[in-house]
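Taken together, the values in this text are just the output of simple stated rules run on the coordinates, not laboratory data. Since the model is a prediction, treat every value here as computed from it, not as a measurement. Because the Cβ atoms are built from the backbone with ideal geometry, glycine has one as well, and the counts that use them run over all protein chains shown.
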Amino acid sequence: MIVHDDQIRLTPKERRVLRRITGIDPHFIKNRATLARFTEQHLKSYRTDTPEIRLVKVLLRKYMAV
């Protein structure tokens, strides 16, 4: 991820990973606020989440907090 002030640019690899995880191409993510909304939306917990999905979401939250 390339960061300059509030602007961000995801690398092609990061875009591929997010697309594989969420099913959505994150090409529209251009700033920190958009990234935060995107991750919040896709990391919501649901009762139907399997233990594996819960673990992946925990790991992603930890990664995104860095």
Looking at segment 30-66, which of its residues are β-branched (Val, Ile, Thr), within 17 Å of VAL17 (Cβ to Cβ) and part of a loop (DSSP other than H, G, I, E, B)? VAL66
Does at least one position in segment 31-50 carry a residue that is touching a helix residue (DSSP H, G or I) at 6+ places or on another chain (Cβ under 6 Å) and of a type in the set (S, T, N, Q)? yes
Collect the residues in segment 34-66 that are closer than 18 Å to LEU10 by Cα, of a type outside the set (Asp, Glu) and either touching a Cys at 6+ places or on another chain (Cβ under 9 Å) or surrounded by 11 or more Cβ atoms within 10 Å (Cβ to Cβ) (or both), keeping them in residue-number order. THR34, LEU35, ALA36, ARG37, PHE38, THR39, HIS42, LEU60, ARG61, MET64
